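Inspection log for the structure reproduced underneath, given as structure tokens.
Any read-out appearing in this document is the output of simple, stated calculations on the displayed coordinates, not a laboratory observation. As the structure is a prediction and not an experimental result, all values here were calculated from the model. Glycine also receives a Cβ, built like all others from the backbone with ideal geometry; neighbour counts cover every protein chain displayed.
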Amino acid sequence: MESRSEGSKPRRMARNSLAVAVVLVVTAVMAFAGFAGLVFAEEKRTGSIVVFGGPIHVRPDEVVEGDVVSLGNSITVDGRVTGDAVSVGSTVEVNGEVEGDVVSVGSTVFLGGGARVGRNVTSIGGSVERCPGAVVGGTINERGRPFRFDFRGVPRPRAWGWWYMPRAYFGLMWFARLVGALVLALVVVALWPNHSAAVGAAIETRLGRVALVGLVAWLLFVPGMILLAVTLIGIPLVPVWILFYVVSGIFGHAAISVVVGDKVGRLANARMSILVKVLVGALVLGALGLIPVLGVIVGLAVAIIGVGAVLDTRFGTNRPWLPPRQPQPQPQPQPQPGPGPQPGPEPQPEPAVHPLPQPHDDTEPGTRTAEEPAPPAAGAGPVDPRQEG
């Protein structure tokens with residue numbers, strides 16, 4: 001009896017800790033919802049309805065012309081919904097009519113005896129409980145089994161320690177991870193809203209390309225780190241290499257949260273700012289991460305697509321990683337002569353003829369030099385050359 005009581009004490013403490021973790025998660029979701037003002041159409045029943053952190057109840061005399069979406073709480077349909085009924089993280093109970101699909105992510109779908117569903121009923125990570133008389137126009141899909149925090153297969157050591165409460169610590173670690181992802185995503189979007197929107201646009205417009213880029217990038221992560229580690233110069237760059245992938249992953253997660261939040265807003269016909277979109281998207285991704293198999297797939301897809309979109313857009317700048325090559329100047333083609341008469345050579349200009357410089361005469365007018373003979377005197381006859389001597 002003593003061993004049984006000793007074994008039940010850690011279990012009781014684990015359950016209490018798990019309950020505290022669940023209360024903290026619900027409180028955080030409600031706080032975020034109250035802070036951002038995310039409860040849309042609380043009284044309005046025309047058009048789609050989206051509620052974050054609170055339940056939705058469609059009364060028997062009500063008709064919702066659109067979709068009904070709840071994140072973090074339950075949906076009860078006793079009236080009529082012309083669209084889909086989708087709950088993330090909680091149950092969906094249908095006693096009236098839903099013309100579209102009924103989907104519960106992470107919990108159970110209850111179909112009462114008077115339920116009428118026009119299309120499919122899907123429970124991801126939960127089950128579908130159908131009462132006699134319920135009518136489903138499509139198919140019933142149960143993907144995965146209900147997820148319980150059950151670690152009975154985990155060996156427990158005899159010594160006392162934190163490992164006696166793996167379920168509680170799992171819940172606390174998930175809560176801390178969710179809060180950290182929310183804070184980082186909000187910081188990224190608040191500081192770089194245009195870059196986050198550019199990365200999200202790349203995910204929506206060229207999903208295949210960014211997924212391929214991300215897959216190649218992750219395949220090169222380990223070889224690149226090994227290549228840097230084996231070289232003496234590259235050893236200091238190993239932390240930079242790891243930090244580059246971490247920053248790319250955070251940026252990509254924020255961009256994907258914006259895309260998911262935008263999809264939810266379009267589905268709900270609600271206008272949301274980019275900060276509200278990233279908050280809603282991060283909550284949806286965190287809720288999907290709780291599902292055993294689907295959570296792993298979603299996590300891998302977010303890591304691959306997020307890093308690929310960041311690398312493809314160069315962190316949302318849409319600039320090339322390498323500068324474009326400058327084109328070489330092409331020589332101008334010479335004009336080819338036509339079939340007509342060929343023009344002759346152009347006339348060369350004649351060289352200019354410059355006059356020779358004249359000797360400068362420094363003598364005054366009326367004087368004569370020694371070489372010049374004196375003019376004959378007036379009235380004298382011709383001089384005989386023999387008399388000159």
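Can you pull the Rg over Rh of segment 38-143, Cα-only, Kirkwood?
Radius of gyration over Kirkwood radius for segment 38-143 works out to 0.93.
Sites listed here are trypsin sites (Lys or Arg not before Pro) in segment 95-142 whose DSSP assignment is loop and whose Cβ has at most 15 other Cβ atoms within 10 Å: R119. Annotation for R209 and R314: the two label points, set 7 Å from Cα along the Cα-Cβ direction, are 1.4 nm apart. Divide the volume of the convex hull around the Cα atoms of segment 169-313 by the residue count and you get 130 Å³ per residue. Taking 0.36 nm per residue of separation and subtracting the Cα-Cα distance, full extension of the segment from I233 to R119 would add 34.9 nm.
Spacing of the modelled spin labels on N141 and E65, each 7 Å from Cα toward Cβ, amounts to 2.9 nm. Between amide H atoms placed 1.01 Å from N, distances below 5 Å from I140 occur with V121, all of them 5 or more places distant or on a separate chain.
Net charge dipole, segment 169-313: roughly 260 debye, given to the nearest 20, about the Cα centre with Cβ charges of +1 for Lys and Arg and -1 for Asp and Glu.
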